[in-house]
Amino acid sequence: MQKGLNLLGLIRRAGKMTLGTDLTIKALQKGQIKLILVAHDASSSTYDKLDKKAFFYQVKVLNNYSTEELSKAIGMSSIKVVGITDEGFAKAFQVEIERGDF
């Protein structure tokens, strides 16, 4: 499995993420979200909703992974939206993406 996806499993075990659109938006409004991952096969309305909110709160949105990849990395099923709440983990994940790990 790729390093970025392995890191997602670690982030989940550390309790530094939100799962799902609604929980991620609530945490985003509280200023807790540092990075948002949306599955590239999520609906366009889901992506648009999160993208607009993230733009307002100046949080980056990535859509490099599929629902299957995100779900497998986290150990749950049908995960389309992940919010990372820790600045260090968010930066580490972005470094893996910049290295081409997707």
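May I ask you to say which residue of Ala73, Ala54 is part of a helix (DSSP H, G or I), among the small types (Gly, Ala, Ser) and out of contact with any strand residue (DSSP E or B) (no Cβ under 8 Å at 6 or more places or on another chain)? If you could, list the steps in order and put the result at the bottom.
On the way: Ala54 fails: out of contact with any strand residue (DSSP E or B) (no Cβ under 8 Å at 6 or more places or on another chain).
Just a single option satisfies the conditions, and that option is Ala73.
Could you tell me which of the residues Thr18, Thr24 is more than 15 Å from Tyr65 (Cα to Cα), surrounded by 21 or more Cβ atoms within 10 Å (Cβ to Cβ) and either polar (S, T, N, Q) or modelled with pLDDT under 95 (or both)?
On the way: Thr18 fails: surrounded by 21 or more Cβ atoms within 10 Å (Cβ to Cβ).
Going through Thr18, Thr24 in turn, just one is more than 15 Å from Tyr65 (Cα to Cα), surrounded by 21 or more Cβ atoms within 10 Å (Cβ to Cβ) and either polar (S, T, N, Q) or modelled with pLDDT under 95 (or both): Thr24.
Assuming Tyr47 fulfils every condition listed in (1) buried (at least 17 other Cβ atoms within 10 Å of the Cβ); (2) touching a residue at least 24 places away in the same chain (Cβ under 8 Å); (3) in a helix (DSSP H, G or I); (4) of a type outside the set (Gly, Ala, Ser) apart from one, which condition is it?
Result: Tyr47 passes all but (2).
Listed here are the residues, each with its yes/no results for (1) closer than 14 Å to Leu10 by Cα; (2) among the hydroxyl-bearing types (Ser, Thr, Tyr).
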{"position": "Ser44", "(1), (2)": "no, yes"}
{"position": "Asp48", "(1), (2)": "no, no"}
{"position": "Tyr57", "(1), (2)": "no, yes"}
{"position": "Asn63", "(1), (2)": "no, no"}
{"position": "Thr67", "(1), (2)": "no, yes"}
{"position": "Ala73", "(1), (2)": "yes, no"}
{"position": "Ser78", "(1), (2)": "no, yes"}
{"position": "Phe93", "(1), (2)": "yes, no"}
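Does region 76-95 hold any residues that are assigned to a helix (DSSP H, G or I), crowded, with 19+ Cβ neighbours inside 10 Å and touching a residue at least 60 places away in the same chain (Cβ under 8 Å), and which are they? Let's see the steps before the verdict.
Kept after step one, since they are assigned to a helix (DSSP H, G or I), are these residues of region 76-95: 87-95.
Next, from what is left, pick out any that are crowded, with 19+ Cβ neighbours inside 10 Å: 89-90, 93.
Correct list: Phe89, Phe93.
The values are calculated or read from the model by the stated rules, or taken from the named source; none is laboratory data. If you're wondering where the values come from, they're calculated on a predicted model, not measured in any experiment. For neighbour counting, all protein chains shown are included, and Cβ atoms are generated from backbone atoms with ideal geometry for every residue, glycine included.
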